[in-house]
Every structure is written in C-alpha cells, then in structure tokens.
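Here, each number is a calculation from the coordinates, and none is a lab measurement. Bear in mind the structure is a predicted one, so any value in this text is a computation, not a measurement. Here the Cβ positions follow ideal geometry from the backbone for every residue, glycine too, while neighbour counts run over all protein chains shown.
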Amino acid sequence: MRIGVLALQGDVVEHEEVLSSLGVDAEEVRTKEELSSVDGLIIPGGESTTLMKLLEKEGLDKAIVVRYKEGMPIFGTCAGAILLAKEVVGKGAGNNQSTLKLIDMTIKRNEYGRQVDSFETEVELKGDVKPLKAIFIRAPVIERVGLEVERLAELDGRVVVAKYRHCLVATFHPELVGETRVHKLFLEMIKDNQQ
Ligand code: GLN
C-alpha cells in the first residue's frame, strides 16, 4: 500500500511519522506523476488558500478530483478538510473560496477566534470508548454536513471528524499529538477500496 502525503505546504513529516508507526510507507506528492502512483492521499494542514493556489499551479486540483472519482481515498486535516469541503465561509475565506468540493459540508474558517488560536482537548470517536486526543490550530468549524455524511467524532455538538464515501476529514491535527486512530481508519478505507 502506498500512501501519498501532499507535500506542497504544511505538516507533512508528522503525517509520514504516523504512517511509518503504522508500518506504512509514505510517498511525498508534489506532481501529477507522483499522485498517479499512490493508493490514497493525505492533505495536511497549512493555509487553505495558499494550498489551493499551489494545487492549481501544478494541475493537481483536477488530477486529485479525477483520482477520487476513480475511487482513491482522501484524508484532509484542518486546511486539508477546508479544501475538501463543498462550501467555505468565514473570516478570510471570501465567500467563494475555491475548493475540491468532494464532501457535502459547509466549513467556517478560523472560527475558534484569536484568544484560543490553538488548544488541545479530547473528542469522542464513534465506536471507541477511549477519547481521541486532538489539537486544534486556527481550526475551522464544520457548520453543516449533508445527510449522507457520517459524523465520526464531535466536540461540543460540532462534527470534527466526518466521512463521506472515500473522503475523510478532521478539523484538528491527530498527527501532532501521537494519535494514530484516525489514520488507522483511513488505512482501513484504502484496504476496503482495494478488495
Ligand atoms: N487557518 C487555516 C486556514 O483557514 C487552517 C489552519 C490549519 O491547517 N492548522 O486555511
């Protein structure tokens, strides 16, 4: 199994470390050619408008959508989740921020406010009694999810991990606190896809 980590910006190494702790090799993806040889793609956090511009410059935006439609699973964290959302609203977003639009949800950027720019907490993961460690860094809030979207984790009544078909998003960074369960879930999605 070859998992790509989009390596244009953001916390790439931390995702690679989680993957290697799960016994999976990560491939850094910067070009369409590199994308064509992976079985799944992680889009890390960073700055969503910059990331989108870099994707467009490489023609990777369209290539990712094509591979997704062919069945390749994608996992986005924080800015990565913003890039996968159908609709983005909120500070700095403009109201028509362009995204890949692969999951039916509305996401609001930088919604936790300045005072709490970044915080660490625990969230409940569906089907698991052990809470999930989570760090939120200038994180977005998922304001709405479509009826077919699964709510896999919530914090104070807000969805923070969601899944639709083979698209998984988390508004926080599991990779920065040594949490491997969301990545495991993603690996299972890839295995299911290969059967
Ligand atoms: N605030 C960033 C954005 O809106 C996301 C931050 C992150 O990925 N940690 O793009």
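A few points about this structure:
- Pairs of Lys in the stretch 1-146 closer than 14 Å at Cα, counting only those 8 or more apart or on different chains: 8
- Separation of the stretch 1-42 from the stretch 144-195 is 17 Å, based on Cα centroids.
- Candidates Phe136, Phe119, Phe172: whichever shows maximal mean-square fluctuation once the chain is modelled as a Gaussian network with Cα springs under 10 Å: Phe119
- Taking 4 °C and 1.567 mPa s as conditions, the stretch 89-194 diffuses translationally at an estimated 89 µm²/s according to Stokes-Einstein applied to its Kirkwood radius (Cα pairs).
- Percentage of interatomic Cα-Cα distances in the stretch 1-84 larger than 18 Å: 33
- Selection of GluC sites (Glu not before Pro), the stretch 97-189, meeting DSSP coil and at most 15 other Cβ within 10 Å: Glu148
- Across every pair of non-identical alpha carbons in the stretch 40-93, the mean reciprocal distance, once inverted, gives a Kirkwood radius of 11.5 Å.
- The stretch 23-70, Rg to Rh (Cα coordinates; Rh as Kirkwood inverse mean 1/r): 0.96
- Sorted from longest to shortest, the spans of the Cα atoms of the chain along the three principal axes equal 41, 39, 32 Å.
- For the stretch 118-157, the Kirkwood estimate of hydrodynamic radius, built from reciprocal distances between every pair of different alpha carbons, is 11.5 Å.
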